[in-house]
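Readers should treat all values here as calculations from the given coordinates under stated rules, not as data from a laboratory. Note that the structure is a prediction, hence the values are computed from the model and not measured.
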Amino acid sequence: MFEPAESHEDSFGEGGARSGARDVVRTLRLRIQSGELKPGEWLREVKLAEDLGVGRSAIREAFRFLEQDGLVELEKFRGARVTAPSLYELFDLFEVRAALFGLVARFACFRASDAALSDIATRIEKLIGSVGQVSPEDRVKEGIAIGAQMATHANRDAREMMNASHRKARWHFSYLGIAESRGAGGPLEDWRDLAAALRRRDAEAAADHARRIIYFTQGEVTRSLVARGAAPPV
């Protein structure tokens, strides 16, 4: 059985922010994701600065990081308000995640050492063998961690885009009221084929199966939301 996945995110994507702004980002993210701050609600800069005991520049900097995560929208001369994610946006985000997952699988085939590829493939095989032994949530977390491990062989831009897409997806899942484990991380046969492709350095096959894993989850999530009355994306 695999060990619990560790976080591979760069301090929630706030690594370039000053400490005051990082604290504000964390506080506002929790308030948004918990529902304390509602979609469409305006975030008043002066009041937040007073409530959180920071300068207005820290609030503005935090807004920019939250905008990158898709949690707030910035409007010129009006400020920031909490976003209201839609099924269409989540569907599109899966397209981006599929492309990125395929990309880092290709990079791993081209750049990782034999030992590193073997380690990733072994981890995938342990994930496959864990079915029925761990929760779907833990399987998804391990799948995300495997993606992050492959991404260590990609360039920094690809890693940052992977992290950003995951943060945005988590927010969409939370707001739309669906479990991130929907689809349980993708079909086992594609994970198995991904491991085999990594072992033989078949970049095209690895990228194809990596994309299929994300597309499977996209389909499961879309069906779930359409069944609840959401209009299907076109």
Cα extents of the range 89-145 along the principal axes, largest first, in whole Å, come to 38, 33, 12
With the 8 Å Cα cutoff and a minimum separation of six or more residues, the range 49-125 has a relative contact order in percent of 12
Checked the range 11-82 with the C-alpha gyration tensor, a ≥ b ≥ c its square-rooted eigenvalues, rounded below a/c of 1.5, otherwise prolate if a/b is larger than b/c and oblate if not; verdict rounded
Note on the range 14-100: contact order normalised by length, alpha-carbon pairs under 8 Å, 6 or more apart, percent, works out to 32
For the range 87-227 the translational diffusion coefficient, Stokes-Einstein from a Kirkwood Rh over Cα pairs at 4 °C and viscosity 1.567 mPa s, in µm²/s, is roughly 87
Gyration tensor on Cα atoms of the range 31-135, a ≥ b ≥ c root eigenvalues, a/c under 1.5 rounded, else prolate if a/b beats b/c, else oblate, says prolate
